[in-house]
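Bear in mind that the values in this text are calculations on the coordinates, not laboratory data. Small disclaimer: the values here were computed from a predicted structure and weren't measured. Here the Cβ positions follow ideal geometry from the backbone for every residue, glycine too, while neighbour counts run over all protein chains shown.
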Amino acid sequence: MANPEDCLRLWTQALQAEATGERATQEKRYLKSSLRFLGATVPQIRAQVRSGMRAVTLADPEWRWDREQVHDIVELCWKGDLHEHRAIGCQIVQFRAKALQLPDLSWLESILRNCGTWAYVDTLAVHGVGSIVARYPDESKAVLARWATDADVWIARSALLALLGAWRLDTPFDKAHFVAWSQPLLPRREFWLRKAVGWVLREVAKQDPLWVQGFVQDHAATISGLTRREAERGVVMGLARPSKGGARAAKKTKDQ
């Protein structure tokens, strides 16, 4: 029967064959991390995790990558000091996000508090937490509201990115909670909070540029230059998009 230790060992061996020492040095410097690095790329990690998960399921039908199994292997990934192990854990959460349930917000919070970098936080927040929020929108809000006021930058960042993740899963963007949670963060000086607010605004602006324009104008006194620039990038892209009606008319004219 498959077990987390064997899975992680096989993934590590596969990534060692693809990794380079040069990239390990560069990535460690870029992330300013104290962890060890093999030097594998994100696409390499993602591909190995995806193929490995399929192989395990084919070899052992009892291993379904269910909630408990996801917990076991992700927690194992966080026990060591190897960057690629934590990246593997993030990919497993992303691929099996639907296996997670509302109580897993507490589990994810404990992991997020031990990330220390956007390289893990963003995947866990957008895909893991975002999936839970999309499926439990009302029940999850109290937890995210608490996160949004947390002194831990990565927890506060995760609250906003979770809304983005839920929106990407075709749920309506929760404008009311985004405004309520982002307003107290706007005056804060932490780069990763300002970037998070800007990232969400940029993505939403591609679909709703006028709303984002209004948000920026309403918060002109407190919004940072970084956040404003990110939002305005999205607004430019959003305004350049043809309306659905205009796109259909253009296609019809072309067909004629």
Next item on the list: Assign unit charges at the C-beta atoms only (+1 for Lys and Arg, -1 for Asp and Glu), then state the dipole size of the chain relative to its Cα centre in Debye, rounded to the nearest 20.
Entry: 1180
Item checked: Candidate aspartates and glutamates - alpha carbon under 19 Å from Lys79, same-chain residues fewer than 8 apart omitted -> Glu5, Asp6, Glu68, Asp104, Glu109
Next item on the list: Please work out, to two decimal places, the log10 of the ratio I(q)/I(0) at q = 0.13, 0.16, 0.21 Å⁻¹ from a Debye calculation in which every Cα of segment 27-177 carries one identical scatterer.
Entry: -0.59, -0.88, -1.36
Item checked: Dipole of the chain, positive direction: furthest Cα of Leu169, Gly21, Gly80, with charges on the beta-carbon -> Leu169
Notebook entry, point to check: How big is the C-alpha Rg of segment 1-99 next to the rule-of-thumb value 2.2 N^0.38 Å, as a ratio?
Noted result: 1.06
Next item on the list: Compute the distribution of all C-alpha to C-alpha distances in the chain, in bins of 10 Å from 0, and list the percent of pairs in each, rounded to whole numbers.
Entry: 7, 27, 29, 23, 11, 3, 0
Notebook entry, point to check: Can you give the three extents of the C-alpha atoms in segment 46-119 along their principal axes, from longest to shortest, in whole Å?
Noted result: 35, 27, 17
Next item on the list: Identify which of Leu38, Leu163, Leu144 has the largest mean-square fluctuation in a Gaussian network model of the chain, with springs joining Cα atoms closer than 10 Å.
Entry: Leu38
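I'd like to compare 165-177, 81-93: which one has the highest average count of other Cβ atoms within 10 Å, and what's the full order after that?
On the way: 165-177: 16.0, 81-93: 23.2.
Ranking, from highest mean packing down: 81-93, 165-177.
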Check: Roughly how big is segment 1-99's charge dipole about its Cα centre, with Cβ charges of +1 (Lys, Arg) and -1 (Asp, Glu), in debye to the nearest 20?
Finding: 440
Check: Where the centre of each part is set by its Cα atoms, how far does segment 174-191 sit from segment 196-241, in angstrom?
Finding: 13
Check: Arranged by the count of other C-beta atoms within 10 angstrom, fewest first, what order do His71, His127 take?
Finding: His71, His127
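Which order results if Arg135, Arg189, Arg157 are arranged by neighbouring Cβ count within 10 Å, fewest first?
Going from sparsest to densest Cβ surroundings: Arg189, Arg135, Arg157.
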Notebook entry, point to check: Taking neighbour counts of Cβ atoms within 10 Å as a proxy for exposure, in what order, fewest first, do Tyr136, Tyr30 appear?
Noted result: Tyr30, Tyr136
Item checked: Equivalent ellipsoid semi-axes, segment 114-256, via Cα gyration tensor eigenvalues times 5, rooted, Å -> 29, 19, 13
Notebook entry, point to check: If you take the beta carbon distance between Leu10 and Gln217 as r and set R0 to 41 Å, what does 1/(1 + (r/R0)^6) give as a FRET efficiency, to the nearest 0.05?
Noted result: 0.15
Notebook entry, point to check: Any idea which of Cys115, Pro103, Val143 is furthest toward the positive side of the dipole for segment 91-194, if Lys and Arg beta-carbons carry +1 and Asp and Glu beta-carbons -1?
Noted result: Cys115
